[in-house]
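Report on the following structure.
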Amino acid sequence: MTSIAYLECSRCHSHISAETPQTLCPVCPTPPAGSLYVRYDFSALRGSLPGAAIAEGTPANPWPGMWRYRAVLPDVEPITLGEGWTPMLRSKRYPNVYLKEEGANPTGTFKARGLALAVTMARHYGLRKLAVPSAGNAAGALAAYAAAAGMEAHIFMPRDVPFANYVEAVAYGANVTLVNGLISDCGRIVAERKAAEGWFDVSTLKEPFRVEGKKTMGYELVEQLGWEYPDAVFYPTGGGVGLIGMWKAFGELEELGWVKPGKRPKMIAVQASGCAPVARAFEAGEKASEMWKDAATFASGLRVPKPYGDAIMLDILRESEGIALALSDEVILTSILDWARNEGIFLSPEGAAATAAYDRLIADGFLQASDRVVLFNTGAGLKYTDVTAEAMGLKRDPQS
């Protein structure tokens, strides 16, 4: 097992001890404070073969999931519900298109990865009360893992999230508050109350370990493609932790010598046109985004008016020679129905934004049909039954 060497600020690059729980960089000279990356001592692993380091299943733990990469994760006993090692499905119509099916995770979305790690480390540090603002899916994931760990979860999410998000959080025993507003309003409430309530804030990029859980998507997609990079990765982008985590994984894979030499994939950030702060900033050549006013889209996971990691994401997009783009809800819905009827896959609205973006970039010539690409379906479509039905104009009784 590797050990954590230190935490590194993404902005000022200061080194911070990981002996005690940390949130944002405590030494950044001016706001906003940088997010912290976990850095490891990889000296014993460099030059090793990945097969020798990857943990296989055992009778005691037959499904290691994302913990197959324990060698590059914190050396702690995990809180696990079977997250990770999700299917990589080859499209029936497009031979070079692969769909990473994150809906197969516990609680039905990729959020299980990040919250599994965050809750695991919270227990390691002896924390008891966790709080999060959520556009929906992080709420269910935190509630589930907090229940598994015997911890309190305090969740704030917009009142109009998909109903499944609310039901699961309540069922897991979390303290749930529905807010008349957006995730940004929920985040403000957590920030205002956390000190008095004794909550530890596990908001997106405001603690170091959700990125570590999400980075396992990068390890997985490279392993599942034969330890080779694809030409492009399409990632539905709200808070953007997954995109940032995968880019971190690619750097680690190269440091370890586990990936064949070659150019990293173009990173494609996909948003909804009703809330597209990163796409707008990318097109304008800006270093950070501005708050998106009146955010509205049925892809609730993309309804993040200003992600905390916007500057990091924009740097990654440009370094990878990628792009950010936004699609309308109408185009997203069309892609949901297309993939359901022609591929047998019920995408989440966020995942359908990625599939629609692929069509757009092929048509525009940004990519060629011969390029091998990975599209992320970040959640199971069934979690969005109510909002997708509304978008389709579908009612239970056609006569009503």
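The values are calculated or read from the model by the stated rules, or taken from the named source; none is laboratory data. Note that the structure is a prediction, hence the values are computed from the model and not measured. Positions of Cβ are backbone-derived with ideal geometry, glycine not excepted, and every protein chain shown enters the neighbour counts. All accessible areas refer to the heavy atoms of the entire protein, side chains included, with ligands and DNA or RNA removed. Shrake-Rupley method; radii C 1.70, N 1.55, O 1.52, S 1.80 Å.
Could I have the simple spin-label model distance between SER48 and GLN368, label points 7 Å from Cα toward Cβ, reported in nm to one decimal?
About 3.9 nm separates the two model spin labels.
How high is the relative contact order of region 171-320, in percent, with contacts defined as C-alpha pairs under 8 Å that are six or more residues apart? Before the final figure, lay out the partial values.
Details: 202 pairs, mean separation 36.3, N = 150.
Dividing the mean separation by the residue count of region 171-320 yields 24 percent.
In terms of Cα to Cα distance under 17 Å, which lysines are near enough to LYS260, apart from those fewer than 8 places away along the same chain?
Candidates past the 8-residue exclusion: LYS248.
Which of PHE156, VAL222, TYR166 sits closest to the plus end of the dipole of region 145-234, meaning its Cα is farthest towards the positive end, when Lys and Arg get +1 and Asp and Glu get -1 on the C-beta?
About the Cα centre, the residue reaching furthest to the positive side is PHE156.
May I ask what percent, to the nearest 5, of DSSP beta bridges between residues of the chain are antiparallel? If you can, show how the numbers build up before the last one.
Details: 13 of 43 bridges.
Around 30 percent antiparallel, to the nearest 5.
Please compute the length gained on full extension between ARG193 and ARG90, using 0.36 nm multiplied by the number of residues separating them and subtracting their Cα-Cα distance.
On the way: separation 103, 0.36 × 103 = 37.08 nm, distance 4.59 nm.
Roughly 32.5 nm would be gained on extension.
I'd like to know which of ALA135, THR334, PRO64 lies farthest towards the positive end of the charge dipole of the chain, counting +1 on Cβ of Lys and Arg and -1 on Cβ of Asp and Glu.
PRO64
Using the charge dipole of the chain (Lys, Arg: +1 at Cβ; Asp, Glu: -1 at Cβ; taken about the Cα centre), state which of TRP247, ALA354, SER203 has its Cα farthest towards the positive end.
Checked the options; the winner is SER203.
Distance in nm between label sites at ALA171 and ARG360, each 7 Å beyond Cα in the beta-carbon direction?
3.4
Using a 7 Å offset from the Cα along the Cα-to-Cβ direction at both ASP294 and LEU382, what is the distance between the two label points in nm, to one decimal?
Simple spin-label model gives 3.8 nm for this pair.
In debye to the nearest 20, how big a dipole does region 165-228 give about its Cα centre with +1 on each Lys and Arg Cβ and -1 on each Asp and Glu Cβ?
On the way: 7 positive and 10 negative charges, 52 e Å.
Computed charge dipole of region 165-228: roughly 260 debye.
Could you name the lysines whose alpha carbon sits less than 16 Å from that of LYS92, not counting residues in the same chain fewer than 8 places away?
Output for LYS92: LYS100.
Could you give the size of the charge dipole of the chain about its Cα centre, using +1 on the Cβ of each K and R and -1 on the Cβ of each D and E, expressed in debye and rounded to the nearest 20? Could the numbers behind the result be given before it?
Numbers: 39 positive and 44 negative charges, 37 e Å.
In debye, rounded to 20, the chain gives about 180.
A 21 angstrom limit on the alpha carbon distance is what I want to check against. Which of LYS111/LYS215; LYS194/LYS287; LYS111/LYS287 exceed it? Show your work: numbers first, answer last.
On the way: LYS111/LYS215 12 Å; LYS194/LYS287 30 Å; LYS111/LYS287 27 Å.
From LYS111/LYS215; LYS194/LYS287; LYS111/LYS287, over 21 Å: LYS194/LYS287; LYS111/LYS287.
Taking only protein heavy atoms into account and a 1.4 Å probe, give the accessible area per residue of the chain in Å².
Normalised by residue count, the accessible surface of the chain is 40 Å².
When the accessible area of the chain is computed with all protein chains present and a 1.4 Å probe, what percentage of it is carbon and sulfur? Mind showing how you got there, number by number?
Numbers: 8370 of 15980 Å².
The C+S portion of the solvent-accessible surface of the chain is 52 percent.
Restricting to DSSP H runs of at least four residues, report the calculated mean residue ellipticity at 222 nm for the chain, -39500 (n - 2.57) per run over all residues, nearest 500 deg cm²/dmol. Walk me through the intermediate numbers first.
Numbers: 12 runs with 144 residues, N = 400.
That comes out to -11000 deg cm²/dmol.
Rounded to the nearest 20 Debye, what is the dipole magnitude of region 252-400 about its Cα centre when Lys and Arg each give +1 and Asp and Glu each give -1 at the C-beta?
On the way: 16 positive and 22 negative charges, 27 e Å.
The dipole magnitude comes to about 120 debye.
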